[in-house]
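The values are calculated or read from the model by the stated rules, or taken from the named source; none is laboratory data. Quick caveat, the model's predicted, so the values are computed rather than measured. Because the Cβ atoms are built from the backbone with ideal geometry, glycine has one as well, and the counts that use them run over all protein chains shown. The protein model used for the area step is the full one, side chains on, heavy atoms only, and it has no ligands, DNA or RNA in it. Shrake-Rupley method; radii C 1.70, N 1.55, O 1.52, S 1.80 Å.
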Amino acid sequence: MQKFGGTSLATAELRGKAVARIKEALDCGYHPVVVVSAMGRYGAPYATDTLLALAREIYPEINPREQDLLLSCGELISTVIMVQTLRLHGVEARAFAGGMAGIITDSNFGDAHIIEVNPEKIINCLQQKQVAVVAGFQGLTQEGEVTTLGRGGSDTTAAALGVALAAEVVEIYTDVNGVMTTDPNLVPEAKLLKVMTYEEVCEMAHLGAKVIHPRAVEIAMRGRIPLKIRSIYSDQEGTLITDVYPTRPGLELKSDRMVTGLAHIPDLAQFDLACPEDVNASGKALEVFTSLAEAGISIDMIQVTPEQIVFTVSESLYDRTFSVLEKTGLPFKAAKGFAKVAIVGAGIRGVPGVMARVVEGLYKARVPLFQTADSHTNIACLVKKEDMIKALRALHEEFGLDDLKEGSEEPNILGKQIP
């Protein structure tokens, strides 16, 4: 499976680079299936956001069913253009809409979930020695309605088809070299990660990293299909995402690494409710969380004691959350201007002293800590937004990610070496 994002298809030159990757796979004896996104970003004539803006110029509200019909067009255009480009370079190919490729979804327009994949037409195409080019981001309901898969939908398409076809690897081509230890725009010392586990990538994606959508990773993990994040612009091997780290010396960054990387989410608000009565006996916890749910407010970093409820929301939900909490009658404090910074790594599970090192790193950088949350593979810290970059750099240094050495050899776990 090879997935090419919209920025990888925006020009004839970039489409030529994509064709080169496809031909490399063919030369290695593979039968590639290609998934494409809509070409370009907002402003480009066929980009998803451009199509949406065009419809809203006429009438601002769009029925979700019609919106999905419209948004599916960008990927269809990319699919046909990619087939034409492959033919130009002497490669026979056939185009498929998502539904034609067997992507069956529920009827949740705008954020549909794949419930079944029937890849018979794709298999038939491959048997005829043609490259199958599939429109990402879309599918069909069992009633034949066109749906879209939401953010990261083309990644999800590639992962789902990869599992259904028992692919040897799903390659995700993008405009970065792979998954970095953190955002290199904020921390110049960030390093490329050669190998990661599915769990680590999911955690980083949920915590703000934008290289791949967590839903795609979860699908690949269930099907045990390796993922590889690569750049369309370079020949670097990128990041391999699989079950476990390879065991041969020199193939991984550090076999005993505790923290794999850092993620961040800016623009958060914190709410702190004081509860004069025990929240369990009074039912106030139930009232608060039910009211927030009914208002469609997603909350994070939740902490509950008998006397207190603390959580965060996106700043975009601040006013709505404030109004909901006022109706509970509980006294509360609310503040904007926060960010979440998190360390991620399978190596922190069950290891004493990790939190002490987090606090030490922030203390040395003079970054105040306002709240924490954790799981088996991450520790998240709430800091002031103006301290976010300082916190990332401090933790990057504290856990030795500045000095991480990138492996020089790619683990050959796939049977054939992927170019």
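Here are the numbers for the structure shown:
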item	result
Probe 1.4 Å, accessible area per residue of the chain, Å²	45 Å²
Label-point separation in nm, VAL351 to GLN303, each point 7 Å along Cα→Cβ	2.3 nm
10 Å beta-carbon shell around GLY361, net charge (K/R +1, D/E -1)	0
On Cα atoms only, tilt of 64-88 relative to the major axis of the chain in degrees	40 degrees
Kirkwood-based Rg to Rh ratio, the range 267-350, C-alpha trace	1.02
Using distinct alpha-carbon pairs, which all enter the 1/r mean, Kirkwood radius of the chain in Å	23.2 Å
Environment charge at ALA160 (Cβ cut-off 12 Å; Lys +1, Arg +1, Asp -1, Glu -1)	0
Straight-distance crosslink candidates among aspartates and glutamates, where the alpha carbon sits under 15 Å from LYS385 and sequence neighbours closer than 8 are dropped	ASP267, GLU315
Order of exposure, largest accessible area first, which applies to LEU193, LEU54, LEU70 with probe 1.4 Å	LEU54, LEU70, LEU193
Qualifying aspartates and glutamates (Cα of each under 14 Å from Cα of LYS284; at least 8 residues distant if same chain)	ASP272, GLU307, GLU326
Highest-fluctuation residue, GLY139, GLY238, GLY347 considered, GNM on the chain with Cα pairs under 10 Å	GLY347
Net charge contributed by nearby residues that have their C-beta within less than 12 Å of SER78 (K/R +1, D/E -1)	+1
Tilt relative to the chain, helix 354-364 - C-alpha long axis, 0 to 90 degrees, to 10	80 degrees
Apportionment of accessible area to carbon and sulfur, the chain, percent (1.4 Å)	53 percent
Heavy-atom accessible area order for PHE109, PHE338, largest first, 1.4 Å probe	PHE109, PHE338
Rounded to 10°, Cα long-axis angle of helix 48-58 versus longest principal axis of the chain	80 degrees
Cross-link reach list, lysines versus LYS23, counting only Cα pairs under 30 Å and skipping chain neighbours closer than eight places	LYS3, LYS121, LYS129, LYS191, LYS194, LYS210, LYS228, LYS416
